[in-house]
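The structure appears right after this line, and notes come after that.
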Amino acid sequence: ARPGCPVPDVGDRGVYRGLYACLFDDPDYQRLSPGARLLLVTARQCRDAGLGSIFRYYPEVLARQTGIALQKVEAGLVELEGAGWIEREGPILWVRNGLRYDPNVRLANPKHRIGIRASLGGLPKLPIVLRFCDYYLIAYPFDTHSIPMPKGIRQEEE
């Protein structure tokens, strides 16, 4: 393995990812703290993000990948949520627009759609997955009746 690269096998480097360079000049991005910027780019580019930039995340892994202390990881994620860059629900993190602005993945490509749907099917049955699907006009990967209603929402009685 090369120094700094824990992957010993050349064939197992993970998925090739790209970012549009204009991200770094975006005023909303520049308003983020340095830690939040690093967390955003890491969450967008990490191996776990999958094709759709929605994945099961672990704050401890983000701390290790970024070198940011665990308590500061949470503060950075809260900042990113407040600024609309990410959504979180339970163990799921969605980098909003991560798929829309990916130069290598196209929803018009049937193979890419199949890959995205497959990754969604492996996620917990949570409303965030349905919001992702609605946002990108993708069919739901599971039956919506299996998702519990949020507390405080009363269904109308018939």
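Observations
- Odd one out for Ile68 among (1) more than 26 Å from Tyr135 (Cα to Cα); (2) assigned to a helix (DSSP H, G or I); (3) open to solvent by less than 40 Å² (accessible area, probe 1.4 Å): (2)
- Test: residue in the range 132-140 that is more than 26 Å from Tyr29 (Cα to Cα) and either within 15 Å of the chain's Cα centre (by Cα) or hydroxyl-bearing (Ser, Thr, Tyr) (or both): yes
- Residue in the range 80-110 that is modelled with the lowest pLDDT, counting only those that are more than 22 Å from Tyr20 (Cα to Cα) and not in a loop (DSSP other than H, G, I, E, B): Pro110
- Residue in the range 85-102 that is open to solvent by 40 Å² or more (accessible area, probe 1.4 Å), among the acidic types (Asp, Glu) and under 12 Å from Leu39 (Cα atoms) present: no
- In the set Leu51, Leu40, Leu62, only one residue is within 19 Å of Pro124 (Cα to Cα) and either out of contact with any His (no Cβ under 6 Å at 6 or more places or on another chain) or in a helix (DSSP H, G or I) (or both); that residue is Leu51.
- Some residue of the range 43-59 being touching a residue at least 12 places away in the same chain (Cβ under 8 Å), farther than 23 Å from Val129 by Cβ and open to solvent by less than 30 Å² (accessible area, probe 1.4 Å): no
- Taking the range 9-37 as the range and being in a helix (DSSP H, G or I), loosely packed, with under 11 Cβ neighbours inside 10 Å and hydrophobic (A, V, I, L, M, F, W, C) as the test, the residues that pass are Ala21, Cys22.
- Filter result (basic (Lys, Arg) and modelled with pLDDT of 60 or more) within the range 1-35: Arg13, Arg17, Arg31
The values are calculated or read from the model by the stated rules, or taken from the named source; none is laboratory data. Everything numeric in this text was worked out from a predicted model, so none of it was measured. A quick note on method: Cβ atoms are made from the backbone with ideal geometry, for glycine too, and the neighbour counts reach across all protein chains shown. Remember, those area values only see protein heavy atoms, side chains included, never the ligands or the DNA or RNA. Shrake-Rupley method; radii C 1.70, N 1.55, O 1.52, S 1.80 Å.
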